[in-house]
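The block underneath contains the structure these notes are about, expressed in structure tokens.
Coordinate-derived values only; no laboratory data. Given the structure is predicted, the values throughout are model-derived calculations rather than measurements.
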Amino acid sequence: MDESGMVNFVENRRPFWEDLSSYPPNPDGWSYRQWAWEFLRRNPEYQDACRRSKGPPARGIAARRFGRPDLKSYKAEFVKEDEERRWLPESIRRVPIKRSREEADVTLRLAQGKVAVIFDLTQTKEAGLPCIKSMLVHAKELLTEEVIILEKSCPNEYSSKSPKIRRNKLLCWLRLYDAKAHFGATELDIMRVLYREGSPTPLQKIALRKQINADWDRAQSMVEGEYLSLLPLSDLQERSSKKQNISAISNGPLTGADKGFSKAVEDGIDQ
């Protein structure tokens, strides 16, 4: 255990921030879900919930608090099965409703921020399956309107706007968090290892200090809850990968739309 009493991750030791090989392999190939997991598992409150929550009801409540479908042990590595599991911000919950052949009124009591959407799949009989795509486009428009209404009604509690996420900064934020939160790394060591400045001049130190402080703020934010903003990018990443695979199979070049998907994944921006 470390000084905080937290059991370390891999082989009973925490990844050493200066040694990239002590982290799970191939970070360039990690999905956004894996990045979300790596930040969440460092959250002290999540670690505490894993240790204290006993029994299915308590563990389920704790998992929902962090946007998880389950309370996965923070000591557990991200595995293939985790790629198939959607976190709560990605999922749509089915509500059991008694079905009948006749139209019927349905009354739902929804808490603030919850929206019910009903799709009439009987329309696919005449219009065909492509109409589902049109339904989803319309549903997205309606949900966007609901988000705007929610933000206006509770401006201090809800916001769909978050700082831009650059994929190439995620590893820096993760290692910086480990360096400062668990190893007490000095400013000069951080400059040397993460920013590759072994002997910075006084002016360079000022600029680097500003950059480190900005990155430290984002690292803490990612661990404390902003990891959830990575999850929508997983779906975008999967769609981009599928499009590129289809293009590769057909031996054709990427279309403009396909390139747009790829660029969005690289920048961490949903189009």
- Item | Contour minus Cα-Cα distance for residue 221 and residue 107 (0.36 nm per residue) | 37.1 nm
- Note down, for segment 20-90, the three equivalent ellipsoid semi-axes (square root of 5 times each alpha carbon gyration tensor eigenvalue), biggest first, whole angstrom. 22, 14, 10
- State which entries of 54/75; 98/140; 75/180; 180/205; 98/152; 133/164 exceed 24 angstrom in Cα-Cα distance in the structure shown. 98/140; 98/152; 133/164
- Message: With θ taken as phi - 60° and the coefficients 6.51, -1.76 and 1.60, list the Karplus ³J(HN,Hα) couplings across segment 60-67 in order, rounded to whole Hz; mark glycine and proline as x.
- Response: x, 5, 5, 4, 4, 4, 9, x
